[in-house]
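The values are calculated or read from the model by the stated rules, or taken from the named source; none is laboratory data. These numbers were taken from a predicted model, which means no experiment stands behind them. Glycine gets a Cβ as well: all are built from the backbone with ideal geometry, and neighbour counts include every protein chain shown. These accessible areas exclude ligands, DNA and RNA; they are computed on the full protein's heavy atoms, side chains included. Shrake-Rupley method; radii C 1.70, N 1.55, O 1.52, S 1.80 Å.
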Amino acid sequence: APWVHRLVGRGSGWLFGAMAAGLFGYFVSKTGMVVHGGVVEQSWAWIDALGASISFRLDGLSLVFALLVTGVGALILVYTGGYMKDHPRLGAFYATLLLFMASMLGLVLADNVVTLFVFWELTSVSSFLLIGFERQRESARRAAMQALLVTGLGGMALLGGLVMLAMAAGSWELREIVAAGDAVRAHPLYLPAFILVVLGAFTKSAQFPFHFWLPNAMEAPTPVSAYLHSSTMVKAGVYLLARLHPALGGTDVWLHTLTWVGGATFVIGALLATRELEMKRILAYTTVSGLGALVMMLGVGTEKAALAMGAFLVTHALYKGALFLVAGVVDYGAGEKKVDRLGGLRRSMPITAVFAALAAFSMAGVPPTLGFIAKEFVLEGASHDPLLWIGVALAAAGATLTVAAAGIVGLGPFVGRVRETPRPGHDPGLALLLGPGLLAALGVVGGVAPALFMDGLASATATSITGAPVEAHLHLWHGFTPTLAIGGAALVVGAVIWALA
């Protein structure tokens, strides 16, 4: 990558983006087959003494994550070329970002315990390098070390849990571990394996009380924040829990641990977001909140909850990626990061303001965006929690605070009176606007016509989580239901909180 960047110059971002887009196209070509139950498998012998192989498997769950890794990654690479065009170490940054992309792809496609763990640790190492890329700043070095320590120690716990799972199931292959769910749950090693796996997943996906490292990781350049901390690495723990749900799920300890921790993280993350002033830190805490919602749905574990997890997984990546990129555009164009010093930018940055508003509406769950559909599914999924009132209360509180945070970070900088900024605000070029524009637009298209891509992706994800075929038919109008009333109340109350903030 550094050599290519020296050769191509400022066009290297488009070149690397085209490569990632080619990978995205490859996975899109497999969508029809995978959605209808097909899989793609490849395996090579590796450690014969352990029975371990380098094996990969593309099914519904890994397909959705592979599409996010490559699709969002392509836009991030193009964005990087514009945002960091004058950085003296841009070639090294591309190399590290591509290493991370390869690591994430390996993680979500791995079908062997050892293979998965190797790529899991590679994501920790490459994210350490990306978070601390501005190594001359002590704050960046400290944030990178903190992220590495938290996720690295969690990875050590995960290794022990994966080995125990392999022993309980009698296989190192993930598909065989998942298929042996009844035997795993009845095995004496189930509880210690569960605890260790959950520790690994919770540290990676910044669940309470391990949530503190993710906002601090905003010391990284904006492309890193938009990629690692909204669409990829922080969702690795969620991916792992979803992948192992058929083997570890369905027990009281799974239900209570994931529901309580996920629900608490959902609310705490959104609450902390409303108390921050810097755009990226607000978005980081809402990412923590969104990850909590995903974990909560996995804890509930019903078919409705699995569909909610699938719908919200994609929705969150779209609007959060767009808003992180918008935060970078605002900093790039106006030279300011704090929302209390921003206002009226819609006049000088009208295109950016439109993209920010669309993404904020999806984050808040305003119809006809995809965020509205996902919010309805999350509230519906929470209503299937055996601890009914607790699940609904946590989901409603989290949704309300998310609305307020969406207004603060997505609308606040662009409305109201014009505030003086270090630089006169202006809309940047195509490289910086392509990512937020496309991601925000997909959030609207997915809401208006979910059958285009969301039905298949949500169905494929839910099928992998539950272990049985699940049909998804997403649409905007479900009639006058309790979830509609709760969602409407969340919008109103959240808007009031934003207005008073």
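Selection within the range 303-358: residues that are of a type in the set (S, T, N, Q) and more than 17 Å from the chain's Cα centre (by Cα). The member of this set that is surrounded by the most Cβ atoms within 10 Å (Cβ to Cβ) is Thr352. Could you tell me which residue of the range 270-302 is modelled with the lowest pLDDT, considering only residues that are hydroxyl-bearing (Ser, Thr, Tyr) and surrounded by fewer than 24 Cβ atoms within 10 Å (Cβ to Cβ)? Restricting to residues being hydroxyl-bearing (Ser, Thr, Tyr) and surrounded by fewer than 24 Cβ atoms within 10 Å (Cβ to Cβ), the top hit is Thr302. Here Ala431, Ala406, Ala393 are screened, and the one residue that is in a helix (DSSP H, G or I) and touching a Gly at 6+ places or on another chain (Cβ under 7 Å) is Ala431. Being aromatic (Phe, Trp, Tyr), open to solvent by 40 Å² or more (accessible area, probe 1.4 Å) and touching a residue at least 40 places away in the same chain (Cβ under 8 Å) is a property that Trp120 lacks.
For the residues Leu228, Leu158, the requirement of being over 30 Å from Val326 (Cβ atoms) and either over 17 Å from the mean Cα position of the chain (by Cα) or surrounded by 23 or more Cβ atoms within 10 Å (Cβ to Cβ) (or both) singles out Leu158. Within the range 231-285, if we keep just the residues that are of a type in the set (Ser, Thr, Tyr) and assigned to a helix (DSSP H, G or I), the residue that is farthest from Arg341 (Cα to Cα) turns out to be Thr257. For the range 359-368, the set of residues classified as open to solvent by 10 Å² or more (accessible area, probe 1.4 Å) and not aliphatic (A, V, I, L, M) consists of Phe361, Pro367, Pro368, listed by residue number.
Screening the candidates Gly71, Gly51 for the property of being in contact (Cβ under 8 Å) with a residue 40 or more places away in the chain, of a type outside the set (A, V, I, L, M, F, W, C) and open to solvent by 40 Å² or more (accessible area, probe 1.4 Å) yields one hit, Gly51.
Annotation note: of Val34, Val28, the sole residue that is of a type outside the set (Asp, Glu) and touching a residue at least 40 places away in the same chain (Cβ under 8 Å) is Val34.
Quick grid of which residues meet (1) out of contact with any His (no Cβ under 7 Å at 6 or more places or on another chain); (2) among the small types (Gly, Ala, Ser); (3) not in a helix (DSSP H, G or I):
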site	(1), (2), (3)
Trp14	yes, no, no
Val28	yes, no, no
Val34	yes, no, no
Trp44	yes, no, yes
Ser55	yes, yes, yes
Leu68	yes, no, no
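Condition check for Ile195 on (1) under 16 Å from the mean Cα position of the chain (by Cα); (2) of a type in the set (A, V, I, L, M, F, W, C); (3) surrounded by fewer than 20 Cβ atoms within 10 Å (Cβ to Cβ): one failure, at (1).
In this entry, Val113 is excluded by the filter for residues that are under 30 Å from Gly170 (Cα atoms) and under 17 Å from the mean Cα position of the chain (by Cα). Listed by position, the helices (runs of 4 or more DSSP H) contained in the range 173-212 that have at least 2 residues being among the charged types (D, E, K, R) are 174-179, 181-186.
Here Arg135 passes the criteria (1) modelled with pLDDT under 90; (2) within 19 Å of Gln207 (Cα to Cα); (3) not aromatic (Phe, Trp, Tyr) except the one numbered (2). Within the range 186-196, is even one residue closer than 17 Å to Thr265 by Cβ and touching a residue at least 40 places away in the same chain (Cβ under 8 Å)? Within the range 186-196, none of the residues are closer than 17 Å to Thr265 by Cβ and touching a residue at least 40 places away in the same chain (Cβ under 8 Å).
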